[in-house]
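What follows is calculated from the coordinates using simple rules that are stated; it is not laboratory data. Predicted model, so just to flag it, every value in this text is computed and none were measured. Positions of Cβ are generated from backbone atoms using ideal geometry, with glycine treated the same way; all protein chains shown enter the neighbour counts.
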Amino acid sequence: MTSIPKIPSGSNVLGVGIDTIEVSRIKDSIESHGKHFLNKIFTSNEQVYCEDKSESAPFYATRFAAKEAMAKAFRTGIGKDFGWLDSEIIHGEAGEPFVKLSKSGLELLEKVGASKVLVSLTHLSTVASAVIILVS
């Protein structure tokens, strides 16, 4: 088994995650499971933001991808160490995305030696993607 490569001394990048999802998968989950799905995966603030859009599914999908990318950057996956609601996409004055972490998310960030999370989101009508970089 190959071990995870060590971060080179002097580097400030401590984790990278990327995820892409088909928007139709999120749309189908919302149609099939409604509020149960939304409340399990997205914070109330994320739901308000997405529901304000004329087509909410691509915006939900980018947030889903960001949560998956965050779990990959932490090298935990989604589970007991890092859950769906441990990260939230918020926006700055110019609409730029930021990641807000829960208390346990912040503890995990500290545990990996990082102090900041960089995020980039993008979507088309059919696919959504997110990239996360953890930096010290």
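So here's what we get for this one:
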| read-out | value |
| --- | --- |
| Among Glu107, Glu93, Glu22, residue whose mean-square fluctuation peaks in a GNM of the chain (springs only between Cα atoms under 10 Å) | Glu93 |
| FRET efficiency, 1/(1 + (r/R0)^6) with R0 30 Å, evaluated for Ser3 and Ser24 via beta carbons | 0.20 |
| Cβ-based net charge around Lys116, under 13 Å, with every Lys or Arg adding one and every Asp or Glu removing one | 0 |
| Stokes-Einstein D in µm²/s, Kirkwood radius over Cα pairs - segment 1-81 at 10 °C with 1.306 mPa s viscosity | 110 µm²/s |
| 12 Å beta-carbon shell around Leu14, net charge (K/R +1, D/E -1) | +3 |
| Using θ = phi - 60° and Karplus 6.51 cos²θ - 1.76 cosθ + 1.60, couplings along segment 77-87 (whole Hz; Gly, Pro as x) | x, 7, x, 6, 7, 9, x, 4, 8, 7, 9 |
| With eigenvalues of the C-alpha gyration tensor scaled by 5 and rooted, segment 18-136, Å | 23, 15, 13 |
| Surrounding net charge for Leu85, when Lys and Arg each add one and Asp and Glu each subtract one, Cβ distance under 12 Å | +2 |
| Mean Cα-pair separation over length for the chain, i.e. relative contact order, pairs under 8 Å, 6 or more apart, % | 35 percent |
| Base-10 log of normalised Debye intensity for segment 73-116 (one unit scatterer per alpha-carbon) at q = 0.13, 0.22, 0.24 Å⁻¹ | -0.30, -0.76, -0.86 |
| 21 Å Cα-Cα threshold exceeded, pairs from Lys27/Lys116; Lys6/Lys116; Lys53/Lys80; Lys40/Lys80; Lys35/Lys103 | Lys27/Lys116; Lys53/Lys80; Lys35/Lys103 |
| Distance in nm between pseudo-label sites at Ser32 and Ser54 (7 Å out along the Cβ direction from Cα) | 2.9 nm |
| Helical contribution to [θ] at 222 nm, DSSP H n ≥ 4, -39,500 (n - 2.57), averaged over the chain, rounded to 500 | -12500 deg cm²/dmol |
| Span-rule helices in the chain, defined as complete DSSP H runs reaching 24 Å or more along the axis (Cα) with Kyte mean at least 0.0 | 57-74 |
